[in-house]
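Step one of this worksheet: look at the structure below.
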Amino acid sequence: MPATINGTPLEIHPGERLIDVINRSSALIPQVCYHPQLGPTQTCDTCMVEVDGKLVRACGTAAADGMNVVTSSPRAGAAQREAFDRVLGNHLLYCTVCDNNNGNCTVHNTTGLLHVEHQEIPYKPKPYEVDMSNPFYRYDPDQCILCGRCVEACQNLQVNETLSINWENPHPRVLWDGGAPIGESSCVSCGHCVTVCPCNALMEKSMLGEAGYFTSLPKPALDGMIDVVKGIEPELGYGSILQLSEVEAAMRESHIKRTKTVCTYCGVGCSYDVWTKGRHILKVEPAHGPANGVSTCIKGKFGWDYVNSHDRLTKPLIREGDKFREASWDEALDLVARRLTEIKAADGPDALAFISSSKCTNEESYLMQKLARAVIGTNNMDNCSRYCQAPATTGLFRTVGYGGDSGSISDIEKATLVMIVGSNAAENHPVLATRVKRSHKLHGQKLIVSDLRKNEMAERADVFLHPRPGTDLIWLCAITRYILENGLANQAFLDEWVNGLTEYRASLEPFTLEMASARCGLPMETLTQVARMIAEAESVCILWAMGVTQHSMGSDTSTAISNLLLVTGNYMRPGTGAYPLRGHNNVQGASDHGAMPNFFPGYQKVDDPAIRAKFEKAWNVTLPPKPGLDNHLMIDAIHDGRLKGMYIFGEEMSLVDSNANYVSDALSKPEFLVMQEVFFSETCRFADVILPASPSLEKEGTFTSTERRIQRLYRAMEPLGESRPDWEIIQDIANRLGAGWKYDHPSKIYEEIAPLTPLMAGVTYERLEGYKSMQWPVAEDGGDQPLLYTKKFNFPDGKARLYPLVWTEPTGQQDAEYDLHLNNGRLLEHFHEGNMTYRTEGIRAKTPCTFVEVSPELALERGIESGSWIQLTSAYGKVRAQAVVTTRVGGNQLYMPMNSVEEPVNRLTSSYTDKITHTPAYKETSVYLKVLGETGENPLPRTNSRFGHPTPQKGVEVERKWKRGDYKQPGAQLVQIKTS
Ligand code: SF4
Ligand code: SF4
Ligand code: SF4
Ligand code: FES
């Protein structure tokens, strides 16, 4: 029997909350603290309804068949108003001069919904100051209605566990780390709390004085206006005051633009609206992102100042001797076309090479590879997946057939066990990591982490493995062997879906637990425990990243992970699978769209005559038949004199490729180097021509995130100065070389890609409108595959393949001279070297420079303290930085983040690579440490979140509010609230 809402029957969906059922009906009830993505906090009591004659909170009540629900009975209505009256006791309604008066303020809208005219409980300020100490947002206790949404978001969605409310205090407020200033707390500035705050208590500083017509008035004038509002309220009532503020809110629509975009930092694929007023970025507002909902990290929420940075490139530049001079677009493009033509004529098309950007759109990567192949005639084409992701792709190609995550972030969330190998997910894929932290905290998900550093996920893990550097393949193979030997494998899955068991099993012979324990330095009991946990878990997802791939055995270790998943039957079901976490926002898409030396778009082989014939027909050209140079081989080819010209767009190659001195030396050699960039990057120093490009907010296109999710981004503002979207620039160069392309919008480029690329056959801009997205492969009818393998694996017989593996020693091992192991990676606050993130002042203030993490034991041995200047020397170069002494690293292992242009860690890394993909073995580096004798301040300022002291708790803990002596559930006694 369905439930009835105000007499109308309504079917209940399994597990639904009553408030969601009511919100599906035509009834309107107030619900100030309820946010569907957070769940019920039950703090405001405004959602009181009658169920079978009893007053209950609709948000905290599970819907059930047969319920008789009345939402607007006199009792329910009075309770709702009484509850909201208490809310208003904590909040001054000065909407007309409030930067949050943008049509979406819950307090404002509830005042209107309940037709509140006057308050019974007068507004009382709280005895606290406004906290402005975070660079990005402020907290105003006087406006805080104590709904606890922020606490719930911080504790249970972001799971940073910074926020709480001191319910027992006579004047409760939100606390950071139990009472620290925000700027000195563990707050990581992810923005969750600000996004979900239903009023103006938490606000982005970029909104203050900017959003409203009157909000930029000086404080005394604003206070005066607020006093006027307070003065007229008893006379006029809130109705008239609200009418005025609604007119003002409507006027704002003409100057505030809301544009959907997709994050331009990591590969999680967060999408959100960016609010702009001209070129001023008011705020980033996540709500409907299919990957992130209301979630963001510091970079996506607050890291956008680079777009308006004073040092954006706005005019083409041409080298003259040691200097650059500004040039017109015509002059610069003519020069590029002439020099590319000359080099091709003199030395052939393979004397030229092209690097596409994994920060730019799919359409732009497609055009870049088309320029290289169809216009120039070379397959010398690559992107930065070579630096990180290519080994993971190889491991998956070998075993399951597609080079992409085998499910979605929602699968990771629902897995009963997650294992993370060599990935600092909480810093590098922050929003994805929140889903693991949440499932682990709230839903009993088990977590195993293997890493050299005790990073945040390792701190939270049920089991933390700290293997010796470069030995992951061994312990992964050993636990797989143990599972097979002890009858713990999923035999039914192996029988039905997997080929190659016999040969694979034989290859595991050397990988005994004893051998693994001795080589990896891990206790046998721990290995057994991990093997059993994986074998016994209902569903397992394994996440990995550069701690695995950036090794000389990166492809093989990635393969070992996939083998383990196959042996335990952890594919083809929700909550299972392999998840190589893609680093850049569009590193997946750049490879998907053909920016590789051996593949056309959709991983169609360039040396397959039938495939080549298809593209030759479509592009009306003859195409080169052999795979080209990848970016590692390009550097060697420049040194050898085979490569004479390069065109690089959106890639800081001289810093991010390993053995930076060798790479920089190479980049100074080509006869002609074109850079297409947003800023004058380090690599631009080597250029002959620099073309000013537009970042994502200034253009349209699509990005593909780690979960193979294709999403559209829209133009929020016009290109700055004379900068232009990359696709327009590439097209202009192609046309100067005679291509005759006529794309007038990125959608036209996709209309060409889809029919040529079976993986993307059904991708259209219409199907991706707004927040709609698709996860490849996309069939012609638009059907996509959030779970990649459901009916078959991507091999002709539909079966997966176990791939035999052999162990080899890692490169760059420690010796008497270079006695310390150096690990490296990103930081939460900065993306890579920080070309974009350093241009946000608040990020720079929190994390101003690079540093070297040194273990307490090593610090003691060498006389190092936090702030000591040290020099690291490898066989390839030197860097100088300050030490941070921390237990995140252990023994003789150091860690250096990549966030430096001046002292890049890649001066120390080698040219050794993964044997299959040529991905540099960045993580196999040994160094000599010299203490320089000077000590300064800790390079991580006290305001960095790493110094905070989180206060984990179950959530908002509303029960503590209910225990207060002055708390009464609304409706317990009749209170008359005046309404119109
Ligand atoms: S970490 Fe900071 S910004 Fe993020 S939700 Fe918690 S308090 Fe808010
Ligand atoms: S600051 Fe937190 S508790 Fe206060 S109104 Fe905003 S979300 Fe609610
Ligand atoms: S950097 Fe990654 S996690 Fe952060 S907002 Fe962007 S896509 Fe999301
Ligand atoms: S919305 Fe239900 S108690 Fe606040």
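Each peptide among 277-288, 485-496 gets the average number of other Cβ atoms lying within 10 Å of its residues, and from highest to lowest they stand as 277-288, 485-496.
Summarising the amide proton neighbourhood of S866: residues at separation of 5 or more, or on other chains, whose placed amide H is nearer than 5 Å comprise V885.
Taken along its three principal axes, the alpha carbon spread of the stretch 137-209 comes to 34, 25, 21 Å, from the longest extent down to the shortest. Among D556, D305, sorting on how many other beta-carbon atoms sit within 10 Å of each Cβ, with the fewest leading, yields D305, D556.
Based on Cβ point charges of +1 for Lys and Arg and -1 for Asp and Glu, what charge dipole magnitude is obtained for the chain about its Cα centre, in debye rounded to the nearest 20? All intermediate terms of the calculation are to be shown ahead of the outcome.
Working: 98 positive and 117 negative charges, 170 e Å.
Around 820 debye, computed over the chain.
Of the residues S245, A351, S295, the one whose Cα sits farthest towards the positive end of the charge dipole of the stretch 235-357 is S295 (charges of +1 on Lys and Arg Cβ, -1 on Asp and Glu Cβ, taken about the Cα centre).
Work out the length of the dipole vector of the stretch 347-505 about its Cα centre, built from +1 on the beta-carbon of each Lys and Arg and -1 on the beta-carbon of each Asp and Glu, and round it to the nearest 20 debye. Provide the component values of the computation, followed by the final result.
Working: 17 positive and 18 negative charges, 97 e Å.
Using Cβ point charges on Lys, Arg, Asp and Glu, the stretch 347-505 gives about 460 debye.
For the stretch 352-424, the Kirkwood estimate of hydrodynamic radius, built from reciprocal distances between every pair of different alpha carbons, is 14.8 Å.
Full extension of the chain between D640 and S72 gives 196.4 nm of extra length, using 0.36 nm per residue less the Cα-Cα distance. Quick check on the stretch 32-162: take the gyration tensor over C-alpha atoms, sort the square-rooted eigenvalues as a ≥ b ≥ c, and tell me if it's rounded (a/c under 1.5), prolate or oblate. Oblate, because a/c is 1.5 or more while a/b does not exceed b/c. The largest-to-smallest principal axis extents of the Cα set in the stretch 101-154 are 37, 25, 21 Å.
Determine the alpha carbon to alpha carbon distance for each of K414/K441; K257/K315; K277/K299 and list only those over 22 Å. Provide the component values of the computation, followed by the final result.
Details: K414/K441 13 Å; K257/K315 27 Å; K277/K299 20 Å.
Flagged as over cut-off: K257/K315.
From the square roots a ≥ b ≥ c of the eigenvalues of the alpha-carbon gyration tensor of the stretch 600-726, which class results: rounded (a/c under 1.5), prolate (a/b over b/c), or oblate?
oblate
Checking the cross-link pairs K359/K644; K614/K748; K219/K846; K301/K370 against a 23 Å limit on the alpha carbon distance flags K359/K644; K219/K846; K301/K370 as lying beyond it.
3J(HN,Hα) along the stretch 781-791: 7, x, x, 10, 9, x, 9, 5, 10, 10, 9 Hz, from the Karplus curve 6.51 cos²θ - 1.76 cosθ + 1.60 with θ = phi - 60°, whole Hz, x for Gly and Pro.
Taking the charge dipole of the chain about its Cα centre, with +1 at Lys and Arg Cβ atoms and -1 at Asp and Glu Cβ atoms, the residue from Q676, G948, G936 reaching farthest to the positive side is G948.
For the chain, the mean residue ellipticity at 222 nm estimated from helices alone is -8500 deg cm²/dmol, where every DSSP H run of n ≥ 4 contributes -39500 (n - 2.57) and the total is divided by all residues, rounded to the nearest 500. With q set to 0.06, 0.10 Å⁻¹, the log10 of I(q)/I(0) for the chain, from the Debye formula over equal scatterers at the Cα positions, is -0.46, -1.24.
Around the Cα centre of the stretch 837-945, unit charges on the Cβ atoms of Lys, Arg, Asp and Glu (plus for the first two, minus for the last two) sum to a dipole of about 240 debye.
Stokes-Einstein, applied to the Kirkwood radius of the stretch 293-339 over Cα pairs at a viscosity of 1.306 mPa s and 10 °C, places its translational diffusion at 116 µm² s⁻¹.
Projecting the Cα atoms of G178, N104, P198 onto the charge dipole of the stretch 96-207, computed from C-beta unit charges around the Cα centre, puts N104 farthest toward the positive end.
Test of understanding: what is the full-extension gain from S240 to T808, defined as 0.36 nm times their sequence separation minus their Cα-Cα distance?
Working: separation 568, 0.36 × 568 = 204.48 nm, distance 7.75 nm.
Separation in residues times 0.36 nm, less the Cα-Cα distance, equals 196.7 nm.
Across all C-alpha atoms in the stretch 275-359, the radius of gyration and Dmax reach 20.2, 55 Å. Phi angles across the stretch 735-752 convert, under the Karplus curve 6.51 cos²θ - 1.76 cosθ + 1.60 with θ = phi - 60°, into 3J(HN,Hα) values of 5, 5, 9, x, 6, x, 6, 9, 6, 10, 6, x, 4, 5, 5, 5, 5, 7 Hz, Gly and Pro given as x. Between A518 and N735, the simple spin-label model (points 7 angstrom out along Cα→Cβ) gives 6.8 nm.
Each value in this text was obtained by applying a stated rule to the coordinates, not by laboratory testing. Worth saying up front: this structure is predicted, and the values here are computed from it rather than measured. For neighbour counting, all protein chains shown are included, and Cβ atoms are generated from backbone atoms with ideal geometry for every residue, glycine included.
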